[in-house]
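K.L.:
So that we are looking at the same thing, I have put the structure below in structure tokens.
The values are calculated or read from the model by the stated rules, or taken from the named source; none is laboratory data. All values reported here derive from a predicted model rather than from experimental measurement. For neighbour counting, all protein chains shown are included, and Cβ atoms are generated from backbone atoms with ideal geometry for every residue, glycine included.
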Amino acid sequence: MTAHGPFSPRDWDAHPPYVYPGYKSTSLRGPTKPLIPLKQTLSELTGPVYGAESVGKLDHDLTRNARVNGEPLGERIVVAGRVLDEGGRPVPDTLIEIWQANAAGRYIHKNDQHDAPLDPNFRGSGRCVTDGEGRYKFYSVKPGAYPWGNHPNAWRPNHIHFSLFGPAFVTRLVTQMYFPGDPLLDLDPIYLGAGEGARELLISKFDLEITEADFALGYRFDIVLRGRDATPAQE
Ligand SMILES: [Fe+2]
């Protein structure tokens, strides 16, 4: 375990409020009383440490980690970037987990009964550990948009869920990455719940350097765990 100094307080104007009327289920699960801030003690400033050996060779490649009888269907993508701390320094050796719908907009979960096909060769989850310079890379297929019951004719924009641990429990971040140019973004209460000027940090950028010729389009998504430029949370 590594101990760190105190972290800057979160910028609550950037993160979505716990209760956001446009996002219906937040009113069921969000706190109804004001939060009581706790002083950071050593328990919050240390965190879980993961070794690269606990991550399998194919865990970062969602196009291969669940094949049964062929390749998953959809537009192949590469998602890569860096994880940075509040001072802009890379965060090495940190676990990143992702999950997403398949190319048709369907999750493998009994709660997802959307009338779109499952893909027998795609599970939609993966993980990796950042390298010494905080870099990570995933291979996947572009997730489809899907309807959800938040309001009439509600559709989630294409997105990938991210969970990051960082070096301490107070750097834990659960968020979502979006794709540039998606017309559903301006209609999505989850995306819009993040503050103006901060929510744009959730949109990945198409990147020709990450794009692999004759194979897959590349998107860059850098993540800042805390501080002024922190990537907003999305749940
Ligand atoms: Fe989702």
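K.L.:
Just a yes or no: is a residue in region 205-213 within 16 Å of the ligand (Cβ to nearest atom) and under 25 Å from R228 (Cα atoms)?
P.N.:
Checking region 205-213: not a single residue is within 16 Å of the ligand (Cβ to nearest atom) and under 25 Å from R228 (Cα atoms).
K.L.:
Being more than 18 Å from the chain's Cα centre (by Cα), acidic (D, E) and modelled with pLDDT under 95 is true for just one of D85, D93, D119, D115. Which residue is that?
P.N.:
D115
K.L.:
With the structure loaded, tell me whether G126 is within 15 Å of the ligand (Cβ to nearest atom) and either within 23 Å of I223 (Cβ to Cβ) or surrounded by 19 or more Cβ atoms within 10 Å (Cβ to Cβ) (or both) or whether it fails that test.
P.N.:
Taking the combined requirement at face value, the residue satisfies it.
K.L.:
Of all residues in region 129-146, which are in contact with a Lys or Arg (Cβ under 8 Å, 6 or more places away or on another chain) and loosely packed, with under 15 Cβ neighbours inside 10 Å?
P.N.:
If the condition is that a residue be in contact with a Lys or Arg (Cβ under 8 Å, 6 or more places away or on another chain) and loosely packed, with under 15 Cβ neighbours inside 10 Å, then E133 is the only one that fits.
K.L.:
Could you count how many residues in region 64-101 are more than 16 Å from the ligand (Cβ to nearest atom), within 17 Å of P117 (Cα to Cα) and surrounded by 21 or more Cβ atoms within 10 Å (Cβ to Cβ)?
P.N.:
Matching residues across region 64-101 total 1.
K.L.:
For the subset of region 173-196 comprising residues that are assigned to a loop (DSSP other than H, G, I, E, B) and without any contact (Cβ under 8 Å) to a residue 40 or more places away in the chain, which member is farthest from the ligand (Cβ to nearest atom)?
P.N.:
E196
K.L.:
Also, I was wondering about something else. Condition test on D112, is it surrounded by fewer than 18 Cβ atoms within 10 Å (Cβ to Cβ) and within 11 Å of the ligand (Cβ to nearest atom)?
P.N.:
yes
K.L.:
Another question, if that's okay. Could you check region 86-147 for strands (runs of 3 or more DSSP E) lying wholly inside it with 2 or more residues that are of a type in the set (A, V, I, L, M)?
P.N.:
95-99
K.L.:
W155 is checked against (1) away from the ligand (no atom under 15 Å from the Cβ); (2) more than 21 Å from K205 (Cα to Cα); (3) free of Cβ contacts under 8 Å to residues at least 60 places away in the same chain and fails just one. What number does that condition carry?
P.N.:
(1)
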